1. Find, among the GluC sites (Glu not before Pro) in region A:1-85, those assigned to loop by DSSP (not H, G, I, E, B) with at most 13 other beta-carbon atoms within 10 angstrom.
2. With n ≥ 4 as the cut-off for DSSP H runs, can you work out [θ] at 222 nm for chain A, using -39500 (n - 2.57) per run divided by the number of residues, rounded to the nearest 500?
3. Taking the number of other C-beta atoms within 10 Å as the exposure measure, put A:Ile131, B:Ile41 in order starting with the fewest.
4. Can you run phi through the Karplus equation (6.51, -1.76, 1.60; θ = phi - 60°) for region A:76-86 and list ³J(HN,Hα) in whole Hz, with x for Gly and Pro?
5. Taking loop as defined by DSSP and a crowding limit of 10 other beta carbons within 10 Å, which chymotrypsin sites (Phe, Trp or Tyr not before Pro) in region A:1-82 fit?
6. On alpha carbon coordinates alone, what is the Rg over Rh value for the protein assembly as shown, Rh being the Kirkwood radius?
7. Restricting to bridges with both residues inside the protein assembly as shown, how much of the DSSP beta-bridge set is antiparallel, in percent to the nearest 5?
8. Average partner chain C-beta neighbours within 10 Å, per residue of A:61-73?
Amino acid sequence: MGLLSLADQDQLRDAFAELPRPVRLLFFTQTFGCDTCPQTRQILDELPLLSDKVRIDEVNLVLDQDTARQYGIDRAPAIAVVGSDVSGEMYDSRIRFLGAPSGYAFVSLVQAILLVGGRESLLTNESRRLIAAVDAPMTMNVFTTPT
Amino acid sequence: MAFANPHITATAVEATEFPDLARKYRVTGVPKTVVNEEVEILGALPQEAFVVQAIAQFTNGDQRSTQEGARDKEKEPSN
């Protein structure tokens, strides 16, 4: 593994070890015109090595348009975080990453995996109360840059 | 937030890889959050302040804490 330090690997391994449920990362790619797809693949490939609860499924935007449409993805590289409920049914967490998840986005990706895999949410009760009031589709785009 | 409410989809966008999106949403500094293509939040806020700012425009009236709500009820004149 090239990208994560040994200390980071150990830390992640420990964090993922306590994941109650498996998490699937749908990695949307395209063969041409995606400069950061190889880098994204490299980053994502490190994760299943640290936990058998994390797997990566590659989806080609051009070849698998149904899946792309299902997840509302029209650019690459993109990642959709998919969880499993207690009966093993897959469900979309509606958490997405556009672009190679480096720097702060990688931290967010790890947090998303922990959340969707069943670790405790970081939301306060008040936050939850406020969020529950949203009853129409809402999109949130958070722009970051690689640190 | 996306995980907590099925109506919400949250996307982290790497601005340098998608300059057209950065331009479209006038991203000049990060982090920048855009909610429903309208509400913009610059920088990182404490969690609850962030949630309030993100959703205030899209949910009806009662964004006050339950404490404030109770206090206001006491002030209402009884007819």
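1. When the GluC sites (Glu not before Pro) of region A:1-85 are filtered for loop state and at most 13 Cβ neighbours within 10 Å, A:Glu18 remain.
2. Taken over chain A, the calculation gives -9500 deg cm²/dmol.
3. Listing A:Ile131, B:Ile41 from fewest to most nearby Cβ atoms yields B:Ile41, A:Ile131.
4. My calculation for region A:76-86 gives 9, x, 9, 10, 10, 9, 10, x, 10, 7, 5 Hz in order.
5. Here the chymotrypsin sites (Phe, Trp or Tyr not before Pro) that fit, given the DSSP loop and packing criteria, are A:Phe32.
6. 1.01
7. Counting only bridges with both partners in the protein assembly as shown, antiparallel ones make up about 55 percent.
8. 0
Readers should treat all values here as calculations from the given coordinates under stated rules, not as data from a laboratory. This is a predicted model, so every value here is computed, not measured. Methodologically, a virtual Cβ is constructed for each residue, glycine included, from the backbone with ideal geometry; neighbour enumeration extends over all protein chains shown.
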